[in-house]
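No lab work stands behind these numbers, since they all come straight from the coordinates. This one's a predicted model, so the numbers in the text were calculated from it and none came from an experiment. Note that we place each Cβ from the backbone using ideal geometry, even for glycine, and neighbour counts take in every protein chain shown.
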Amino acid sequence: MSAEIIADPDVLEEEYIPPSLPCRDSQRIKLVYCLSPFKHRIRPYDCLCHGPPGTGKTALVKYVLDQIRENTTALSFYVNCWENRTLNLILERLAEQASVVISEVSYSVKIARLKKKLKNKICVIALDEVDKLDRKDLNDVLYVLKELGKVGIVCISNTRKYVITLDPRITSRLNFRSINFPRYSDDELLIILKHRIENCRALYPNTYSKKILEKIAELAAGDARVAIQTLRSAAYNAERAKKSKIMETDVDKGYEAVKEIKRKYELERLTPHHKLIIGILKKRKEISSTDFYNLYKREADKQGMLAKSRRSFNNYLADLIELNYIKIERAKVRGNVRLFKAI
Ligand SMILES: Nc1ncnc2c1ncn2[C@@H]1O[C@H](COP(=O)(O)OP(=O)(O)O)[C@@H](O)[C@H]1O
Ligand SMILES: [Mg+2]
């Protein structure tokens with residue numbers, strides 16, 4: 001008899017938003033508080049949701065936007081800035097969501113049409129992955145969106161630093177309330193996994209043990225995406241092998257598969273500049289912090305790419321360090337020289 005483990009495959013997919021998000025009550029309350037001025041027809045506060053990947057930022061913001069849509073007359077918008085990296089594309093997505101038809105190419109027409117549509121309405125615009133925009137683009141985007149009407153902006157970002165160092169012309173208009181999304185503890189991941197399995201009915205009863213879930217929670221190291229995807233992959237492994245329960249070996253295999261997928265996904269999301277930097281570093285054993293930017297500029301010129309500013313370059317380096325492509329060592333010389341190495 002073939003064993004069945006997965007009761008509802010949709011519940012284990014990335015896009016699924018559960019009916020409630022356990023372990024994120026304090027963030028939900030803060031976000032709702034920031035946005036709540038619209039009840040009195042006052043512009044909502046702007047806020048910045050920040051934290052490492054897999055900590056529920058996108059899920060929580062989408063959840064709250066859904067609630068706004070269902071329960072209020074305020075308009076709400078969601079744009080992923082990784083997929084829409086220019087002001088023009090972001091305006092197009094907003095126009096689509098506001099059902100404004102725009103065939104013109106010019107910014108000013110787009111902005112004027114949107115302004116007309118949003119006039120006197122309270123709106124919340126969520127910008128996901130804002131740290132993937134160039135700093136100049138982010139400044140322009142925030143400036144233009146704030147001009148559209150009574151707009152509260154929710155920025156979502158891995159790092160807080162990036163957003164709090166904006167142009168003064170922006171920071172004088174925006175006063176971000178900051179909402180932190182820390183990594184989940186093992187116990188919290190356990191609650192999230194159980195919630196997904198039992199409340200959302202992802203798996204049939206008696207197809208998993210507490211021990212298996214504890215193992216997944218530990219491997220996921222605070223990342224709910226990795227936890228749920230590992231569970232998903234382990235469940236498929238066990239089902240394929242016609243087992244009646246998920247075993248430890250299924251979890252090990254599942255986790256390996258997820259790690260590989262995560263790496264590929266990260267790599268796909270790197271910009272050509274990130275890739276150029278990795279390439280430069282791979283050709284040498286190590287590069288000192290004083291030489292690195294010039295090497296990058298030279299190589300970018302050679303490849304016909306427009307070199308980014310030193311500030312953007314430093315942001316790229318920070319991304320690559322965070323993603324474990326690069327490590328940093330202190331040079332054994334005087335001063336503040338650091339050495340970069342490929343991993
Ligand atoms: N508190 C939570 N409860 C239930 N599922 C969660 C929770 N936090 C994250 N998830 C799930 O984990 C995955 C990653 O969450 P996501 O919001 O995309 O993370 P982030 O945007 O911080 O990278 C999604 O499938 C999401 O549904
Ligand atoms: Mg996200």
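Here are a few things to note about the model shown:
- Annotation for Asp291 and Asp187: the two label points, set 7 Å from Cα along the Cα-Cβ direction, are 5.1 nm apart.
- Sorted by Cβ neighbour density within 10 Å, fewest at the top, the residues Asp250, Asp10: Asp10, Asp250
- Value of Rg/Rh across the chain [Cα atoms, Kirkwood radius]: 1.01
- Separation of the Lys242 and Asn139 label points, Cα + 7 Å toward Cβ, nm: 6.5
- Mean residue ellipticity (222 nm) of the chain, computed from DSSP H runs ≥ 4 via -39,500 (n - 2.57), nearest 500: -15000 deg cm²/dmol
- At an R0 of 30 angstrom, the distance between the Cβ atoms of Lys283 and Thr159 translates into a FRET efficiency of 0.60.
- The calculated P(r) of region 25-180, using every Cα pair and 5 Å bins from 0, goes 2, 9, 21, 23, 22, 15, 6, 1, 0 in percent.
- Alpha-carbon centroids, region 282-343 and region 10-77: separation in whole Å: 37
- In this rough spin-label picture, where each label sits 7 Å from Cα along the Cβ direction, the Asp301-Lys341 distance is 3.0 nm.
- Remark: Met305, Met247 ranked as Met305, Met247, counting other beta-carbon atoms within 10 Å and listing the fewest first.
- Sites Val105 and Glu13 - FRET efficiency at Förster radius 45 Å, r taken between beta-carbons, to 0.05: 0.80
- Which listed pairs, of Lys30/Lys210; Lys262/Lys302; Lys62/Lys242; Lys132/Lys259; Lys117/Lys161, have C-alpha distances above 28 Å, in listed order: Lys30/Lys210; Lys262/Lys302; Lys62/Lys242; Lys117/Lys161
- The slack in the chain from Lys275 to Thr171, taken as 0.36 nm per residue of separation less the alpha-carbon distance, amounts to 34.3 nm.
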